[in-house]
Amino acid sequence: MQNILKNGTSKVTAGLKPFDKPIYITRPLLPNLKEVTEKLEEVWASGWLTNNGPQHMALEKALQSKLGVPYLSLFNNGTIGLIVACQCLRLSGEVITTPFTFPATPHVLAWNNIKPIFCDIDPITMNIDASKIESLITPQTTAILAVHVFGTPCDTMGIHNIADRYGLRVIYDAAHAFAVEVDGIGIGNFGDISMMSFHATKVFHTAEGGALVFKDANLKDRIDFLKNFGIKNEEEVVMPGINGKMNEIQAILGLVNLNYIDEEIKKRKSLVAAYQHFLKDVDGITFLTTPPSAKSNYQYFVIRVDSRVFGCSRDFIYEKFKEYNIFTRKYFFPLCSDYPCYRHITSAAPSNLPVANKVARDVLCMPLYGDLTINDIERICNILKAFRQ
């Protein structure tokens, strides 16, 4: 055990100084303002601010090409996109999903009057455990809503085989998985529909925004009707839709950010390598790695803390980092299955989700964005190592 001073600071950490400015979990990619202004001038000249304007259409085509997907529909945010995906596929009854995710994932089911059925997760990838899905299927099950957590691809083949066997739809929450590939195939090519988030916290963003990507041409018109009040033309409303349209201001930010995204991912890759180097021999700290078949976007750098080996808990580290102006996140704690609105569901019981409950207590997302330096990462890691008791 390290010697602890009276104020709770170890002799090792006593010599380490806090960062002068806050180091947050992430910072949004902000492109050259002049480029954004030039695009804004185009919008001002056109007088077209929303409703499938030229910037919107250009971004759809650019992203379709970038992500290697046949069809793409932009949204004002990813949550509305997921709600529409459930409507588009006419889901009902029960949908099997993961408890280890952002609240939006089960919430879109609730908004569609669908009962989420929580499945435990894989202890390595932290994604839904495909081997445990089949036992949760009932006559009321209509789909699987899986999440590529932290951008790590799910067991898409295992999920596909189960869905085929039982005639289920598959939606992927790919909020973290922009530009991720599996064996050279864009992540949006798996399942019936995938949702991508373009929130400011994501590696690629439009401030707010998102998209649905899919392979079936027949879904394109239905999705586009559903996100625009069900309006077909000036005199026809063909279904009860919602307002999910992305505006031209969001679209231009996305178009400009596309010029910078490859460089941002490259920077993040080098920072992740630095984290792995500085933490590789630290007992009690392990980190999520990308499967060999996958191309990562380095959305997050995720560690797991074994408190018995490291000497202090994940929660202690999370709070202690704040004293050094470092702000991490306990993604995803608490589990969605622990929320008051879901804990009454039988599948939400902790005894049914042992892996997810353990992972939620261990995981910590570390700061990661392109403006950080290798020196910043080394300093963060030195501070973390000094917490070890």
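Read-outs throughout are calculated quantities, based only on the coordinates presented, and are distinct from any laboratory measurement. Since the model is a prediction, treat every value here as computed from it, not as a measurement. Cβ coordinates were reconstructed from backbone atoms using ideal geometry, including for glycine residues, and neighbour counts include every protein chain displayed.
Helix 248-257 against the longest principal axis of the chain: what's the angle in degrees, Cα atoms only, rounded to the nearest 10? The answer is roughly 50 degrees.
Computed packing ranks the peptides 214-224, 79-89 as 79-89, 214-224, most packed first, by mean other Cβ atoms within 10 Å. Looking at the chain alone, DSSP beta bridges between its own residues are antiparallel in about 60 percent of cases. A simple spin-label model places pseudo-atoms 7 Å from Cα toward Cβ; at residue 376 and residue 293 they are separated by 3.5 nm.
Taking 0.36 nm per residue of separation and subtracting the Cα-Cα distance, full extension of the segment from residue 160 to residue 221 would add 19.5 nm. So which of 21/358; 202/267; 280/330; 61/295 end up more than 26 Å apart by C-alpha? 21/358, as the Cα separations exceed 26 Å there. Using the Cβ of residue 46 as centre and a radius below 14 Å, the other residues enclosed give a net charge of -3, where K and R count +1 and D and E count -1. Straight-line reach from residue 115: taking Cα to Cα under 21 Å and skipping same-chain neighbours fewer than 8 places apart, the lysines in range are 132.
Of the peptides 380-388, 157-165, the ranking by mean beta-carbon count within 10 Å, highest at the top, reads 380-388, 157-165.
The C-alpha atoms of the chain define a longest principal axis, and helix 33-46 lies at about 20 degrees to it.
For region 141-199, the dipole from Cβ point charges (+1 on Lys and Arg, -1 on Asp and Glu) about the Cα centre works out to 160 debye, to the nearest 20. Put in line by how crowded their Cβ is, counting other Cβ atoms within 10 Å and starting with the fewest, 347, 131 read 131, 347. For the chain, the relative contact order comes to 23 percent (Cα pairs under 8 Å, sequence separation of at least 6).
Amide H to amide H distances under 5 Å link residue 143 with 96, 169, where only residues 5 or more positions off or on other chains count and H is placed in the peptide plane. Remark: 339, 318 ranked as 339, 318, counting other beta-carbon atoms within 10 Å and listing the fewest first. Model label sites at residue 307 and residue 325, defined 7 Å from Cα along the beta-carbon direction, differ in position by 3.0 nm.
Peptides 105-116, 25-36 ordered by packing proxy, namely the average of other Cβ atoms within 10 Å per residue, highest first: 105-116, 25-36. Simple point charges give the picture: +1 on the Cβ of Lys and Arg, -1 on the Cβ of Asp and Glu, and for the chain a dipole about the Cα centre of about 1280 debye.
Using helices alone, I'd like the mean residue ellipticity at 222 nm for the chain: each DSSP H run of four-plus residues gives -39500 (n - 2.57), total over residue count, nearest 500.
Counting only the DSSP helices, I get -10000 deg cm²/dmol.
If you add up the charges near residue 230, with Lys and Arg at +1 and Asp and Glu at -1, over every other residue whose beta carbon is less than 14 angstrom from its beta carbon, what do you get? Net local charge, residue 230 excluded: -1.
Taking amide H as placed 1.01 Å from N in the peptide plane, the amide H of residue 232 sits under 5 Å from that of 237, 238, each at least 5 places away or on another chain.
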